[in-house]
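Structure first, commentary second.
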Amino acid sequence: MKLKREEIKYIADLARLELTDEELKKYGSQLSAVLNYFEQLKEVDTIDIEPTAQVTGLENALREDVKEDWNKIEAGEALRQAPELENEQIKVKRVLG
């Protein structure tokens, strides 16, 4: 499945990417190759295959979130590295409108 230049441009616009003509050609070719691969995958007989989210057998490798209290010296050193503080807390820019 070869995508047309207009289709690549449309996809790039949806992703809010500004691509040069050279990038449109390069990524268009790569995206077309990916879509061709998906077309090949459609030919695989999966009737007797159980759906799975992963195949490695790994389970959640993340550790429990554990709160650790710092002594005043450690906390002070960490806070000194912050670009801006307010009431002894790190001030960050608003992320929600």
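The values are calculated or read from the model by the stated rules, or taken from the named source; none is laboratory data. Not measured: the values here are computed from a predicted model. Here Cβ is always computed from backbone atoms with ideal geometry, including for glycine, and neighbour counts include all displayed protein chains. Remember, those area values only see protein heavy atoms, side chains included, never the ligands or the DNA or RNA. Shrake-Rupley method; radii C 1.70, N 1.55, O 1.52, S 1.80 Å.
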Evaluate the range 55-63: report whether one residue or more is surrounded by 11 or more Cβ atoms within 10 Å (Cβ to Cβ) and among the hydroxyl-bearing types (Ser, Thr, Tyr).
no
Lone unmet requirement of (1) surrounded by 11 or more Cβ atoms within 10 Å (Cβ to Cβ); (2) outside any loop (DSSP other than H, G, I, E, B) for GLU39:
(1)
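Here's the yes/no breakdown for (1) within 30 Å of VAL92 (Cβ to Cβ); (2) at pLDDT below 90; (3) small (Gly, Ala, Ser):
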residue: LYS2; (1), (2), (3): no, yes, no
residue: ILE8; (1), (2), (3): no, no, no
residue: LYS26; (1), (2), (3): no, no, no
residue: SER32; (1), (2), (3): no, no, yes
residue: TYR37; (1), (2), (3): no, no, no
residue: THR46; (1), (2), (3): no, no, no
residue: ASN60; (1), (2), (3): yes, yes, no
residue: ASP69; (1), (2), (3): yes, no, no
residue: GLU74; (1), (2), (3): yes, no, no
I need every pair where a residue in the range 38-64 that is basic (Lys, Arg) has its Cβ under 9 Å from the Cβ of a residue that is modelled with pLDDT under 85, sequence separation at least 6 or different chains.
none
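This table checks each residue for (1) loosely packed, with under 11 Cβ neighbours inside 10 Å; (2) part of a helix (DSSP H, G or I); (3) on the phi > 0 side of the Ramachandran plot.
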{"position": "LEU17", "(1), (2), (3)": "no, no, no"}
{"position": "SER29", "(1), (2), (3)": "no, yes, no"}
{"position": "PRO51", "(1), (2), (3)": "yes, no, no"}
{"position": "VAL95", "(1), (2), (3)": "yes, no, no"}
Restricting attention to the range 54-65, does a residue exist that is of a type in the set (Gly, Ala, Ser) and either under 30 Å from LEU3 (Cβ atoms) or more than 26 Å from the chain's Cα centre (by Cα) (or both)?
no
Consider GLU23 carefully, then state whether it is open to solvent by 100 Å² or more (accessible area, probe 1.4 Å) and either assigned to a helix (DSSP H, G or I) or among the acidic types (Asp, Glu) (or both).
no
